[in-house]
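All of the numbers you see were taken from the coordinates with simple rules; none came from a lab. Because the structure is predicted, anything quoted here is derived from the model rather than measured. Backbone-built Cβ (ideal geometry, glycine too); neighbour counts: all protein chains shown.
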Amino acid sequence: MQVEIWSDVVCPWCYIGKRNFETALAGFEHRDQVDVVWRSYELQPTAPAEREGDYATRLARKYGVGQGEARAMLARMTSAAAAVGLDFAFDRMRPGNTFDAHRLIHLGAARGLQDAVKERLLRATFSEGEPIGLRDTLVRLAVEAGLDEADAREVLDGDKYGAEVRADESDAAELDITAVPFFVIDRKFGIPGAQAPETFAAALQRAWDKFHAPALVIATDDEAPGCEDDSCAV
């Protein structure tokens, strides 16, 4: 069973949703048969490499609210993150364009390290205040996640995996995904948002039962008279 997750590395609910999904997956009976694939989604494709100003000010401007309300919103997200073991530090965040980060996540997939790269970039963004849109920072984080430095630099110095990022975003548009995180199971079940672990668990079980259970379940062990070919029990 495949679970594709569209998300961005500057999306706080994507990080919280990742943790909740991981909790659900850890308790899923068939977890060893679940292939998790991270898909690219840029919340702000035209963003500069590094944004200026503090997070609260940008949030207040975006939603047309005062600084106090913006900080309250950040406090709620910080509390939600802490509840799943994450340490958010919005006062140190240095977000920026995430296209190159997504290209490195694709490199991670090619090297069998996709989740490790995704996790490292999320932690760098929300807990460590790393400038996630700067290339030297991305190379260092990629190496810390287990990728080869030369491979990471080759990707960032050229256009490798750019088409894959765009393909993910095109698929998101075709699936009518307009917000992240968004989880898709076998291209049949869609789960929007950072749901609770029990919601993810129920969706995994439902998908498994529908597509991986035997086609026909015999409801009783008792035999009863019937006909086979041209003969019948008498």
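Each of Glu144, Glu174 was scored by other Cβ atoms within 10 Å of its Cβ. Arranged with the fewest first, they read Glu174, Glu144. For region 92-136, a simple Cβ point-charge model (Lys and Arg +1, Asp and Glu -1, everything else neutral) yields a dipole of about 20 debye relative to the Cα centre.
In percent, rounded to a whole number, the relative contact order of region 1-50 is 61, using alpha-carbon pairs under 8 Å and six or more apart. For a straight C-alpha distance cut-off of 29 angstrom, the lysines reachable from Lys118 (same-chain residues fewer than eight places away being disregarded) are Lys18, Lys62, Lys160, Lys188.
Close amide H partners of Ser7, meaning residues 5 or more places away or on another chain with modelled amide H under 5 Å apart, are Arg39, Tyr41. Filter the chain for me: DSSP H helices, axial length by Cα at least 20 angstrom, mean Kyte-Doolittle hydropathy not below 0.0. List them by residue number. Qualifying helices: 67-83. Just checking the listed ones, Lys18, Lys188, Lys118: in the Gaussian network model of the chain with Cα springs under 10 Å, the one fluctuating most is Lys188.
Distance from the Cα centre of region 83-112 to that of region 1-72, in angstrom? Going from one Cα centre to the other spans 9 Å. Look at the alpha carbon pairs under 8 Å that are at least 6 residues apart: their mean separation over the length of the chain gives a relative contact order of 28 percent. Sorted ascending by nearby beta carbons within 10 Å, beginning with the fewest, Ile16, Ile5 become Ile5, Ile16.
Determine, from the Cβ-Cβ distance of Phe189 and Ser79 and an R0 of 35 Å, the FRET efficiency 1/(1 + (r/R0)^6), rounded to the nearest 0.05. The pair Phe189/Ser79 has a calculated efficiency of 0.75.
Between Ala26, Met93, Ala172, whose Cα lies farthest towards the positive end of the dipole of the chain when Lys and Arg beta carbons carry +1 and Asp and Glu beta carbons carry -1, centred on the Cα centre? So the residue we want is Met93. If R0 is 22 Å, the Cβ-Cβ spacing of Ala196 and Glu144 corresponds to a FRET efficiency of close to 0.10. Positive end of the dipole of region 118-200 (Cβ unit charges, origin at the Cα centre): among Gln195, Gly162, Phe126, the Cα lying farthest that way belongs to Gln195.
Around the Cα centre of the chain, unit charges on the Cβ atoms of Lys, Arg, Asp and Glu (plus for the first two, minus for the last two) sum to a dipole of about 1480 debye. On the beta carbon distance between Ala110 and Val34, with R0 = 22 Å, the FRET formula returns roughly 0.65. In the chain, helical runs assigned H by DSSP with n ≥ 4 each contribute -39500 (n - 2.57); averaged across all residues and rounded to the nearest 500, the mean residue ellipticity at 222 nm is -15500 deg cm²/dmol. When +1 charges are put on Lys and Arg Cβ atoms and -1 charges on Asp and Glu Cβ atoms, the dipole computed for region 97-220 relative to its Cα centre reaches about 380 debye.
Placing a label point 7 Å from the Cα of Glu128 along the Cα-to-Cβ direction, the residues of region 1-43 whose backbone N falls under 17 Å from that point are 9-11, 15. If you look at the Cα atoms of the chain, you get an Rg and a Dmax of 22.3, 86 Å.
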